[in-house]
Each structure stands twice: as C-alpha cells, then as structure tokens.
Amino acid sequence: MSIVAKLLFLLGDLVFLNISILFSFFITPMEGASSHIGDKVYLLIFSNLAWLFLVMVSNPYNVTKGWSASKMVKSQLAFIFIHLLIVASLIFFFKRTYSILQIALIYGLFVTSFFSWKVATYYFRKIF
C-alpha cells in the first residue's frame, strides 16, 4: 500500500473518530458524567493520541494481498478494541468519568464509520 493511501486511511480514521466523539457529546445527556468541557477535551486528546500511538506501534495499514476479508476485519476490530482498552485505562488513570452509554455510542459510531470508510476507499481504488 502506498504512503499516500496509508496517510489517507490515517486521516480518515482520525476524522471519523473525532466526529464520533463529538457526536456522542451532543446526543448523550449533559447532567452528571462528562458535563465539564475539560472532560470532553481530555477524551478527544486521549483518543487521538492513543490512535496515533497504536498506528506507530502496530502499522495497521500494512495489509498484504494474501489477506482475506475476514482476516482484515478481525485485525481491524482487534485494533479498535485495543484502542478502547487504552482509552479506558487513560480515563481510569486520570480519574475522568464518562457514561457507559457515551463510550458505547462513540465506538458504535466509530466502528460503523470506520468500516464504511474502508469499504468505500477499497471500491474507489478498484474503480480508479
């Protein structure tokens, strides 16, 4: 995979991650957990830094032609799950509180947009 394609995937993933986080703050109720603006900023920073760290460490965009679709999906789901664990540990370590509904909404939206993005770019690459 070319460096341009890898960069495109990285930027797309970060955009969809941030959209998912911001959308979750607009959808979930504001009372109690995560109502402070600082908590929102921390979650955005934690998530983005964790994603960039994981990309640097594991290189998830290095997919070879021998990979099957199921192997690729499993690999990407494992990558997202590890991201969730890192973000959860950072939230715990820095003693931030977020509702379970909010975190579930973030990752539900992110997984959906993440795989939609991957499928769309795959078909666009095939067309062009």
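Would you compute, from DSSP H runs of 4+ residues alone, the mean residue ellipticity of the chain at 222 nm, taking -39500 (n - 2.57) per run and dividing by the full residue count, rounded to the nearest 500?
-27500 deg cm²/dmol
Cα-Cα pairs above 27 Å in the chain: how many percent?
22
Distance in nm between label sites at residue 75 and residue 23, each 7 Å beyond Cα in the beta-carbon direction?
Between residue 75 and residue 23, the simple spin-label model gives 2.6 nm.
Could you pull out every one of the lysines with an alpha carbon less than 17 Å from that of residue 71, ignoring same-chain neighbours closer than 8 positions?
Hits, sequence-local ones excluded: 118.
What do you reckon, how do 36, 83 stack up by accessible area (1.4 Å probe), largest on top?
Descending accessible area places them as 36, 83.
What order do 98, 42 take when sorted by accessible area (1.4 Å probe), most exposed first?
42, 98
So, with a 1.4 angstrom probe, what is the percent of accessible area on the chain that is carbon and sulfur?
Here carbon and sulfur together make up 76 percent of the probe-accessible area.
The values are calculated or read from the model by the stated rules, or taken from the named source; none is laboratory data. Bear in mind the structure is a predicted one, so any value in this text is a computation, not a measurement. Please note: Cβ atoms are built from the backbone with ideal geometry, for glycine as well, and neighbour counts cover all protein chains shown. What goes into the accessible areas is simple: the full protein's heavy atoms, side chains included, and nothing from ligands, DNA or RNA. Shrake-Rupley method; radii C 1.70, N 1.55, O 1.52, S 1.80 Å.
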